[in-house]
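Reading through the structure tokens given below for one structure.
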Amino acid sequence: MLSMGVGVLAGSVDIGLGEVYRAVAGQFGLGSGVDANTAYIVVDLRLPRVVEGAVVGAGLALCGAVLQSLTGNVLADPYILGLASGASVGATAVLTLGITVVGLTGGPAVAIAAFVGALLALFAVFAIATTRTGALLPGRLILAGVAVAQAGAALTAIMILRADVGAADRVMRWTLGSLAGARWSTMPLLLAMVLIAAVVIVVSSRTLDAFAFGERSAMSLGVNVTATRWLLYTIVSVCTAVMVAHSGIIGFVGLVVPHAARMIVGPLHARLLPVVLLVGALLLVWADVLARTVVAHQEIPVGLVTAVIGVPVFVWLLRRRGGSA
């Protein structure tokens, strides 16, 4: 709550804690409230932005933790299945070609196109990776994700090369992630998706623990490996697609946070997952505060901030993995 309070106070317009309280109380008919401009900044711009940051951060971290456990790959993150590339194709098509989506333009059209693009990428990855017996093997899944990501990157590059400078700039800003478009109207879908994913995954904690000992060990413990993989891969992929559609591509949260949480509470998922949710939410809220305040009168993409934090950790993981190989 303290972090979210700081997130509401931070911004180019100075607003005190008392004004924030009166603006929120005014929405519920308590007190005299504040002027309309301050109320709009607090209630309609900053509060949904902070809430979305917490929800997206928690969701990305959760999806990263699950994918690292299912694939046995410490470098897995929510975008390993090519979803980011698929979302980029959809968003870039709207931003560079001016395509309308069910009559919508601008931000809503970009979000819908990004979501559809991510889902199409997911279907392509599943179609490529599924074996004749219907199994989803981690190695095939990662390779299929790489292939789909490369195809998506090529399509995105072609559209950018044919676009004007303004459209290319909008694409670049979208791909670096931002919470500036957060609004209350889209929050129920985001909250519902992350909540459903969290409940399903937390209930599957013991199953995820079994995967830590390998596929055969999980089967010997009574785990239906194929069904579990299909369920959890689908849940985390759809959850990631919803978050990418809302906030663009925010990297490293899903990679770094699960490792940091394991250092705090160990590998058992019953303890790990709640910490992952909390740390992911805190990281993105504070990253967004930095994005809005580190450069005077200018907001930098939140994806740049998470990358500055995540790259050193990523390098450390690579070196650690290389040392143990």
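The values are calculated or read from the model by the stated rules, or taken from the named source; none is laboratory data. Computed from a predicted structure; not experimentally measured. Reconstructed Cβ throughout: ideal geometry from the backbone, glycine too, with neighbour counts over all protein chains shown. Just so you know, the surface numbers come from the protein's heavy atoms only, side chains and all, with ligands and any DNA or RNA stripped out. Shrake-Rupley method; radii C 1.70, N 1.55, O 1.52, S 1.80 Å.
Remark: pairs (first residue in the range 10-30, more than 16 Å from residue 48 (Cα to Cα) and free of Cβ contacts under 8 Å to residues at least 40 places away in the same chain; second residue part of a loop (DSSP other than H, G, I, E, B) and β-branched (Val, Ile, Thr); Cβ separation under 7 Å; 6+ apart in sequence or on different chains) = 19/34; 22/34; 26/34. Count of the range 125-145 residues, restricted to those that are over 12 Å from residue 82 (Cβ atoms), touching a strand residue (DSSP E or B) at 6+ places or on another chain (Cβ under 9 Å) and in a helix (DSSP H, G or I), is 1. Taking first residues from the range 48-63 that are closer than 27 Å to residue 20 by Cα and partners that are open to solvent by 10 Å² or more (accessible area, probe 1.4 Å) and among the aromatic types (Phe, Trp, Tyr), the Cβ contacts under 7 Å between residues at least 6 apart in sequence or on separate chains come to 48/184. Looking across the range 257-302, the residues that are among the β-branched types (Val, Ile, Thr), closer than 30 Å to residue 171 by Cα and open to solvent by 20 Å² or more (accessible area, probe 1.4 Å) come down to 279, 293, 294, 295, 300. Residue check: residue 164 meets all listed conditions (1) open to solvent by 30 Å² or more (accessible area, probe 1.4 Å); (2) farther than 24 Å from residue 299 by Cα but one, namely (2).
Do the conditions hold for residue 276, that is, is it within 30 Å of residue 92 (Cα to Cα) and in a helix (DSSP H, G or I)?
Values: within 30 Å of residue 92 (Cα to Cα): no; in a helix (DSSP H, G or I): yes.
No, not satisfied.
List the helices (runs of 4 or more DSSP H) that sit entirely inside the range 30-98 and contain at least 3 residues that are open to solvent by 20 Å² or more (accessible area, probe 1.4 Å) and at positive phi. Even if it seems obvious, please write down each step before you answer.
Values: elements: 36-39, 47-71, 83-97.
Here the list is empty.
Contact map, the range 224-236: first residue over 17 Å from residue 61 (Cβ atoms), second residue in a helix (DSSP H, G or I) and of a type in the set (Ser, Thr, Tyr), Cβ cut-off under 6 Å, separation 6 or more or different chains; pairs are 228/207.
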